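So the structure is just underneath, and the comments pick up after that.
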């Protein structure tokens with residue numbers, strides 16, 4: 001289990017480094033190895049989930065028999081069906097967890113070594129080639145920093161850990177995770193000051209990023225596309241601002257299949273407006289309703305639609321996928 005946790009941190013560091021930017025210079029072979037790596041990491045997660053759930057159920061049931069009037073967790077009230085529905089998830093018997101983890105750990109170790117070896121020779125050349133210019137395809141212009149102060153590559157850090165005298169199964173998972181996080185700095189791809197008129201990126205990141213204030217600021221830069229959040233930050237409790245009139249009613253509407261209908265034609269996304277939609281919003285606004293859109297769609301798509309169907313601002317507030325709670329394949333509002 002400890003080795004699985006160590007390999008997970010190493011693998012996520014390697015994957016983040018190789019997936020930085022738009023991956024335009026990543027070969028088909030490297031992409032295939034990345035897919036294999038993430039597959040086995042996911043398989044390990046499923047094995048660990050099953051092991052933790054089985055052990056937790058057993059331990060809590062034993063405590064319940066000793067003290068029927070106990071407080072706290074009640075495993076019999078825990079619904080594990082959502083885990084069973086996950087694709088490829090299966091319940092393992094006693095002893096099978098260790099065997100499965102050993103097999104997956106061996107595969108993960110081999111792939112991580114291959115990725116570090118394959119990229120080690122290309123990193124110095126790539127860094128030297130890019131020292132005099134900035135590519136808008138994989139980084140933001142004006143944010144590369146002086147070429148002489150380039151931080152140590154994440155792949156080099158992982159390679160040192162793999163070749164250290166201390167074997168992976170004796171490494172501390174918390175130390176490895178902290179080392180990986182301290183070696184990376186996450187920055188969004190931006191068109192800084194609008195310097196590139198052909199850049200597809202915005203001039204600033206419009207979204208709040210989870211953990212942006214806790215990650216290292218001087219590590220190797222990992223570039224990511226400034227897409228909207230796919231999952232909510234559970235530490236935040238988003239609330240709508242208080243109403244000026246407490247007697248006002250709030251009307252909460254879904255977007256897709258309620259106000260509009262999304263479809264694709266020739267690979268391009270489009271939408272149709274539901275009959276009577278504009279009249280409905282206008283009348284609700286005239287009646288004094290506070291109109292709120294709560295959609296499970298991502299913010300970029302939702303804003304694209306709402307900006308067009310509501311040019312006069314009848315809709316007061318917008319809530320998106322990041323404001324919902326993921327529960328398996330659905331998002332609970």
- Task: Within 10 Å of each residue's Cβ, count the other Cβ atoms and sort 85, 321 from fewest upward.
- Result: 85, 321
- So what's the gap between the Cα centers of segment 192-249 and segment 279-320, to the nearest angstrom? 20
- Item | Förster radius 56 Å - calculated FRET efficiency between residue 266 and residue 59 (Cβ-Cβ, nearest 0.05) | 0.50
- Query: If r is the Cβ-Cβ distance from residue 292 to residue 160 and R0 is 51 Å, what FRET efficiency results, to the nearest 0.05?
  - Reply: 0.50
- How far apart, in nm, are the 7 Å Cα→Cβ label points at residue 233 and residue 106? 4.3
- Report, for segment 250-332, the % of DSSP beta bridges that are antiparallel, rounded to 5. 55
- Item | Cα point-scatterer Debye curve for segment 250-332, base-10 log of I(q)/I(0) at q = 0.11, 0.23 Å⁻¹ | -0.31, -1.19
- Query: Expressed in nm to one decimal, what extension gain is obtained for the pair residue 330 and residue 117 from 0.36 nm per residue of sequence separation less their Cα-Cα distance?
  - Reply: 72.7 nm
- The relative contact order of segment 250-332, taking Cα pairs under 8 Å that sit 6 or more residues apart, comes to a percentage of 29
- Item | nm² value of the averaged projected area, convex hull over the Cα atoms of segment 187-293 | 11.7
- Listing 320, 210, 249 from the residue with the fewest other Cβ atoms within 10 Å to the one with the most, what is the order? 249, 210, 320
- Item | Packing-based exposure ordering (other Cβ within 10 Å, fewest first) of 330, 222 | 330, 222
- Query: Sorted by packing (mean other beta-carbon atoms within 10 Å per residue), highest first, where do 175-187, 302-314 land?
  - Reply: 175-187, 302-314
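Bear in mind that the values in this text are calculations on the coordinates, not laboratory data. Since we're looking at a predicted model, the values are computed, not measured. Please note: Cβ atoms are built from the backbone with ideal geometry, for glycine as well, and neighbour counts cover all protein chains shown.
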